[in-house]
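Trainee: Right, I'll just put the structure down here and ask away after.
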Amino acid sequence: MTTIPYAHSMYAHCESGTVAGLLRHHGMQISEPLVFGIAAGICAVFITTPKVPFPVFEMRTKPGDIRKRIAGRLGVIFTTYRFKDPRKACDRLAAILDKEIPVALQVDMFYMEYIPDYMKTHFNAHYIVAVGREAEGFIVSDCYYPTLSRLSEAALERGRFARGDFAPSGFMYHAASVPAIDTTRLKTAIIQGIRQASFTMIKLPIPFIGIKAIRKFARSIPTWPKKTRSYDELSHWIMMIHVLLEERGTGGGGFRFMYATFLQEASRIFGSAELLALSKRMMENGDKWRELSMAAARSGKNRDLGPERLGEIRDLVLARADEEERLFSILYKLFR
Amino acid sequence: MKENDARVDYDLHQLLLYVEKEDGTYGPLQTGAFAAKNYLGDYREKHAHIINEGIEKMKKGEISPVGYYLEFFGMTVADLAVRAAVPVGKLKRHLTPVGFAGASLDALRRYAEVFDLPLANLFAVIVPKKEGTIVTAQRTCNPLFTIIEID
């Protein structure tokens with residue numbers, strides 16, 4: 001029986017929240033938006049694969065990138081583990097917890113016993129922090145929930161050893177060394193983060209990443225009636241635009257509100273009026289993403305899904321692509 | 001987004017949003033989930049259609065329980081095949097009642113694990129007649145044996 005005095009807190013996004021939570025536990029006072037911004041967490045990806053029932057539109061970077069980039073840019077050392085044997089994975093986790101070290105775990109969200117049934121979906125790259133163990137399982141801090149949760153050993157094992165894309169393979173990590181951060185290092189890390197994010201958004205020559213992905217996603221929307229078998233299914237996927245942008249760990253506006261908060265924090269650190277102005281523009285951009293996600297949800301609910309309506313949603317998304325191209329071009333030039 | 005515009009009164013599903021506070025600074029706000037509060041009923045209605053259609057298809061012998069749960073959880077054949085470590089061709093056969101009858105117990109156990117269900121659920125659907133009846137399936141150490149409790 002162990003319980004670590006870990007300050008559980010809700011965060012917007014599981015990966016940035018987990019990293020921020022661990023760093024704060026080890027004494028680094030850093031906010032989630034700073035972690036997200038420094039790690040260039042903002043992105044846009046549009047992919048179609050037979051493994052998912054519908055084209056995937058994500059507005060964040062690849063799972064795992066945030067931890068790796070924070071390690072590189074802030075000099076944090078994370079000790080990472082992967083396992084083939086679930087028994088060894090469980091024993092190792094218990095041993096580290098007994099040393100009162102909180103451990104971040106990659107899991108398939110589907111098996112987390114505390115999630116409501118409507119959120120049960122297989123997603124292998126969810127992150128939680130194990131902060132204690134009891135006779136029948138573990139105490140975990142899942143930043144999507146207001147309180148600590150309990151998880152049986154069997155459920156955690158299933159979550160840690162799920163197969164499929166981004167299979168966790170028992171992956172876990174904990175902070176081994178967290179340095180004190182001076183302003184110079186922080187400024188350098190912020191510049192690296194902004195430079196990488198803006199490069200990814202506007203310059204990366206890959207057709208399904210960045211602004212190109214947003215446009216591709218927009219243009220696909222009017223074709224969705226052909227991809228669905230019923231009006232109900234079409235309505236479901238249109239309403240999922242809202243869930244993906246607002247409620248699936250984004251902090252609202254498809255991560256844009258969190259990025260605006262990062263830019264505002266960065267403006268204070270640099271004393272930069274230009275960054276402050278850009279943070280306001282990013283917040284307004286997030287507001288427009290939210291407006292379009294609300295419009296999509298209403299259309300889905302009212303089954304107002306004719307070609308004109310889908311065309312309107314497409315145009316709203318295209319307008320976001322245009323604005324983000326302008327915004328990230330300014331950010332790119334600012335720290336080139 | 002202004003703080004007041006973001007507030008949603010819904011305790012059952014909370015989340016964190018970043019909002020503009022009254023003093024112009026941006027920061028976190030814990031609030032209710034808008035979609036969960038306003039659209040969950042619609043989602044449940046759609047899901048109930050999927051369940052009813054699936055049960056009807058199973059009764060008519062058009063799909064197997066594996067096909068039913070594939071629809072139930074909104075998964076694809078490719079994803080289920082990887083997760084259950086069953087070749088796609090074999091899995092496609094298991095989607096039909098005839099193919100399902102030829103599936104090995106081990107393959108069915110792996111499907112059940114992906115769906116996070118006791119193996120017994122691949123052979124029966126329990127439909128309570130009284131509203132409010134709670135049916136709980138308890139796994140045992142024996143992966144082929146389940147205890148079903150009805151309250």
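Trainee: What is the stretch B:63-125 by shape, rounded, prolate or oblate, if you read a ≥ b ≥ c off the alpha carbon gyration tensor as root eigenvalues and call it rounded for a/c under 1.5, prolate for a/b larger than b/c, and oblate otherwise?
Mentor: Rounded, since a/c falls under 1.5.
Trainee: So what is the calculated 222 nm ellipticity per residue for the protein assembly as shown, using -39500 (n - 2.57) for each DSSP H run with n of 4 or more, over all residues, to the nearest 500 deg cm²/dmol?
Mentor: Rounded to the nearest 500, it is -15500 deg cm²/dmol.
Trainee: A further question follows. Per q in 0.16, 0.18, 0.20 Å⁻¹, report the Debye log10 I(q)/I(0) for the stretch A:1-146, using one uniform scatterer on each alpha carbon and no solvent.
Mentor: Each listed q maps to, in turn, -0.96, -1.19, -1.41.
Trainee: Please report the orientation-averaged projected area of the protein assembly as shown, defined via the convex hull of its C-alpha atoms, in nm². Please list the in-between numbers first.
Mentor: Numbers: hull surface 93.6 nm².
Taking the Cα atoms of the protein assembly as shown, their convex hull projects to 23.4 nm² on average.
Trainee: Mind jotting down the three principal axis lengths of chain B based on Cα atoms? Whole angstrom, largest first.
Mentor: Per principal axis, max minus min of the Cα coordinates gives 67, 39, 33 Å.
Trainee: The stretch B:105-151: which chymotrypsin sites (Phe, Trp or Tyr not before Pro) are DSSP loop and have at most 13 other beta-carbon atoms within 10 angstrom?
Mentor: Counting only loop positions with at most 13 other Cβ atoms within 10 Å, the chymotrypsin sites (Phe, Trp or Tyr not before Pro) in the stretch B:105-151 are B:123, B:145.
Trainee: Let a ≥ b ≥ c be the square roots of the eigenvalues of the Cα gyration tensor of the stretch A:48-131; is it rounded (a/c under 1.5), or, if not, prolate (a/b larger than b/c) or oblate?
Mentor: Since a/c reaches 1.5 but b/c is at least a/b, the shape of the stretch A:48-131 is classed as oblate.
Trainee: Measure out, as a whole number of angstrom, how far apart the alpha-carbon centroids of the stretch A:299-336 and the stretch B:87-105 sit.
Mentor: Going from one Cα centre to the other spans 43 Å.
Trainee: Further question: Over the Cα atoms of the stretch A:179-309, compute the convex hull volume and normalise it per residue, giving Å³.
Mentor: 130
Trainee: When chain B is modelled as a GNM with alpha-carbon springs shorter than 10 Å, which of B:126, B:63, B:51 fluctuates the most?
Mentor: Fluctuation is largest for B:126.
Where a number appears in this text, it was derived from the coordinates with a stated rule and is not lab data. All values reported here derive from a predicted model rather than from experimental measurement. Reconstructed Cβ throughout: ideal geometry from the backbone, glycine too, with neighbour counts over all protein chains shown.
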